[in-house]
Amino acid sequence: MKTLNDLKINEEAIITFIKNNNLKRRLMDVGFVKNAKVKLILKNFGDNMRAYQIKNTIMALRLSDTKNIFVK
């Protein structure tokens, strides 16, 4: 299965599942929900961070969190 961690710069995907329930609750408020379109904007900045665009918002996520968000 493909995760957010697998995306390339400017690649878009659709969220299918968030594995970690604590992460899921935290991200739901900012639009990371099933069937939402997400795009990788910036890779490997800061302390293993990646920036994603979702619903006209840019959100930075830890690399470890991106491995728990599955996409198609």
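Every number here is computed from the coordinates shown, using simple stated rules; none is lab data. The structure displayed is predicted, hence computed values, not measured ones. All Cβ positions, glycine included, derive from the backbone under ideal geometry; neighbour counts span all protein chains shown.
Over the chain, dividing the summed -39,500 (n - 2.57) contributions of all DSSP H runs of at least 4 residues by the number of residues returns a 222 nm mean residue ellipticity of -4000 deg cm²/dmol.
Residue separation of Asn35 and Asp47 scaled by 0.36 nm, minus their Cα-Cα distance, works out to 1.5 nm of gained length. Annotation: amide H-H contacts under 5 Å for Ala36 (H modelled 1.01 Å from N, sequence separation of 5 or more, or interchain): Ile15. Once percent of Cα pairs over 22 Å apart is worked out from the coordinates, which option in (1) 44; (2) 39; (3) 7 does it equal? Matching entry in (1) 44; (2) 39; (3) 7: (3). Panel order for Asp65, Asp47, Asp6, by other beta carbons found within 10 Å of each beta carbon, from fewest to most: Asp47, Asp6, Asp65. Among Arg50, Arg62, a tally of other beta-carbon atoms within 10 Å of each Cβ gives an order, fewest to most, of Arg62, Arg50.
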